[in-house]
Amino acid sequence: MLYRQLFIAAFTIVLLSGLFSLPVAAQSGTNASDKPLTYLLPDGRIFNPSKIDSLEQAWGTGRIAFDHTTADDEKGIIHVVRLTDEMVKASNERREAERRALNNMLHRPAPDFTLTDLQGKAWSLASLKGKIVVLNFWFTSCGPCIKEMPDLNKLTRQYDAREVVFLAITFNDADQVRAFQQRVAFDYTLLPAARATINDYKITNYPTSLVIDQQGVVKKIQQGGANIEETLTTAIDSLNRK
């Protein structure tokens with residue numbers, strides 16, 4: 001099945017099903033892997049993303065979306081889509097349902113998982129009882145995910161690894177993650193090929209971080225945000241004091 005991403009553009013560009021913004025690098029015509037991007041209008045003409053305001057005036061606020069499949073990613077193609085009333089309504093309803101599903105995990109036991117890191121070591125949530133666990137859900141071409149990584153890296157240096165464990169979970173396979181590591185430093189333990197776990201955690205927006213306490217209960221859910229380091233530090237420290 002093809003992985004599909006669909007973005008809505010209003011005053012900012014937002015994922016149809018959530019918070020994920022179009023990568024900042026796209027404004028200069030490149031994506032996270034430095035491959036040039038070509039934006040195509042429905043009639044096949046090439047669109048310059050710097051002209052988004054003009055297109056919004058023509059199509060209407062909140063009526064612009066960016067759609068691409070994994071096959072498109074290989075070619076560096078993003079399709080510009082005009083949203084109908086029905087598409088906007090369906091998006092809003094789905095987004096609200098997804099928000100409720102994620103928030104329902106708060107103060108409840110986190111789903112267990114067993115995943116393998118890039119070095120072949122298996123990690124399970126059950127085996128980490130007694131420790132605080134910080135999860136970050138991300139993927140290699142997610143601009144906002146990459147933007148917050150320096151702050152997440154600083155976070156890992158603040159805590160004893162015997163007390164706080166930082167795990168980054170992605171649907172990308174191991175080879176894709178290794179290639180990503182050649183370009184961007186991410187100091188969490190990276191757990192690739194984790195589609196089932198992502199589904200278990202009801203993740204549809206990227207990046208999303210969770211803080212899980214020593215008993216395996218979800219205590220904090222944070223979807224991106226400019227103050228991610230401060231937010232997660234506060235959540236972790238509140239558990240360390242117990």
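The values are calculated or read from the model by the stated rules, or taken from the named source; none is laboratory data. Fair warning: this is a prediction, and the values are worked out from it, not measured in the lab. Reconstructed Cβ throughout: ideal geometry from the backbone, glycine too, with neighbour counts over all protein chains shown.
A few points about this structure:
- Yes/no for Lys154 being among the basic types (Lys, Arg) and either crowded, with 18+ Cβ neighbours inside 10 Å or under 15 Å from Leu118 (Cβ atoms) (or both): no
- Residues within the stretch 222-236 that are more than 16 Å from Pro144 (Cβ to Cβ) and hydrophobic (A, V, I, L, M, F, W, C), tallied: 2
- Selection status of Val177, at pLDDT 95 or above, surrounded by 14 or more Cβ atoms within 10 Å (Cβ to Cβ) and over 16 Å from the mean Cα position of the chain (by Cα): no
- Within the stretch 168-190, tally of residues that are charged (D, E, K, R) and out of contact with any Leu (no Cβ under 8 Å at 6 or more places or on another chain): 3
- Taken over the stretch 192-220, residues that are within 14 Å of the chain's Cα centre (by Cα) and over 26 Å from Arg100 (Cβ atoms) amount to 1.
- Looking across Gly224, Gly216, one residue alone is on the phi > 0 side of the Ramachandran plot and out of contact with any helix residue (DSSP H, G or I) (no Cβ under 6 Å at 6 or more places or on another chain). It is Gly216.
- Any chance Lys51 is basic (Lys, Arg), over 19 Å from the mean Cα position of the chain (by Cα) and modelled with pLDDT of 85 or more: yes
- Within the stretch 152-190, the residues that satisfy the criterion of being among the basic types (Lys, Arg) and without any contact (Cβ under 8 Å) to a residue 40 or more places away in the chain are Arg157, Arg162.
- Test: Ile52 is in contact with a helix residue (DSSP H, G or I) (Cβ under 7 Å, 6 or more places away or on another chain), hydrophobic (A, V, I, L, M, F, W, C) and crowded, with 16+ Cβ neighbours inside 10 Å: no
- Scanning the stretch 100-119 for residues that are of a type outside the set (A, V, I, L, M) and either in contact (Cβ under 8 Å) with a residue 60 or more places away in the chain or part of a loop (DSSP other than H, G, I, E, B) (or both) yields Asn103, Asn104, His107, Arg108, Pro109, Pro111, Asp112, Phe113, Thr116, Asp117, Gln119.
- Hits in the stretch 55-80 - residues which are of a type in the set (A, V, I, L, M, F, W, C), modelled with pLDDT of 85 or more and in a helix (DSSP H, G or I): Leu55, Ala58, Trp59
- The lone exception for Ala122 - which of (1) surrounded by 13 or more Cβ atoms within 10 Å (Cβ to Cβ); (2) without any contact (Cβ under 8 Å) to a residue 12 or more places away in the chain it fails: (1)
- Qualifying residues in the stretch 122-161 (those that are small (Gly, Ala, Ser) and not in a loop (DSSP other than H, G, I, E, B)) - the one modelled with the lowest pLDDT: Gly143
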